Amino acid sequence: MNDITLSTLAGFPRQLEEHYAAIPAEFKHWAPPSWEGVPSEPFTAIEQVCHVRDIEVDGYHVRFQRTLHEINPTLVSIDSEALAEARSYATSNASEAFAAFRVARAKTVQLISGLSPEQFMRTAVFEGYGPLSLGSLVHYLCSHDQQHLAGLQWLLGKIEASRVQVRA
């Protein structure tokens, strides 16, 4: 795996926390009137954090293990909105979510760092993505991370827009 992808994955928990910290306290649970144009799932700031944590563990940890230990498995997509409701993301504690995510991401980085070139070539079929290698799955995880940083920036834009009066 290339160094830039690995270092980006390793540095993401800090970036996520910094982006979340930029959201004003009174807007951590705020939802805009419309989610049109959101680059991530339509989640509030706290829900974004919980989603990233759960997709790491319930999504990517499972997908990596199945790809490593099964022959061309079919990897299911996760219904993020149903998971958010079932796990009460809206009322979650951010500190606890970040702590769990840091542990989960460290496990991911440790796993990826120890893989051989042959292991990165193992194949699977990912629902919604099609055939892939374990290496491409790593890049999709990195892309998913970036979508959620963009989602938090998008929320900041909506927050700022909600503070201005429309002038005719």
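Sites listed here are chymotrypsin sites (Phe, Trp or Tyr not before Pro) in segment 70-168 whose DSSP assignment is loop and whose Cβ has at most 13 other Cβ atoms within 10 Å: Tyr129. Placing +1 on the Cβ of every Lys and Arg and -1 on the Cβ of every Asp and Glu, with no other charges, gives the chain a dipole of roughly 260 debye about its Cα centre.
Against the main long axis of the alpha-carbon atoms of the chain, helix 134-162 sits at an angle near 0°. Only one residue of Tyr140, Gly130, Gln65 has its Cα farthest out toward the positive end of the dipole of segment 3-161, where Lys and Arg carry +1 and Asp and Glu -1 on Cβ, and that residue is Gln65.
When you restrict to C-alpha pairs under 8 Å that are six or more residues apart and normalise by the size of segment 3-161, the relative contact order lands at 38 percent.
Take the Cα of Ala161, step 7 Å toward its Cβ, do the same at His61, and the gap between the two points is 3.7 nm.
If R0 equals 30 Å, the separation of the Cβ atoms of Ser116 and Gln147 corresponds to a calculated FRET efficiency of about 0.55. Treating the angle as unsigned and between 0 and 90°, give the value, to the nearest 10°, between the Cα long axis of helix 3-21 and the longest Cα principal axis of the chain. It works out to around 30 degrees.
Helix-derived [θ] at 222 nm for the chain: sum -39500 (n - 2.57) over DSSP H runs of at least 4, divide by residue count, nearest 500? -18500 deg cm²/dmol, from helical runs alone.
Length gained on full extension, Ile71 to Gln15: 16.7 nm, using 0.36 nm per residue less the C-alpha separation. Spin-label pair Glu85-Val103: with each label point 7 Å from Cα along the Cα-Cβ axis, the two points sit 2.9 nm from one another.
Bear in mind these aren't lab numbers, they're just calculated from the coordinates by the rules spelled out. Quantities reported herein were computed from a predicted structural model and do not represent experimental measurements. Ideal geometry is used to build each Cβ from the backbone, glycine not excepted, and the neighbour counts take in all protein chains shown.
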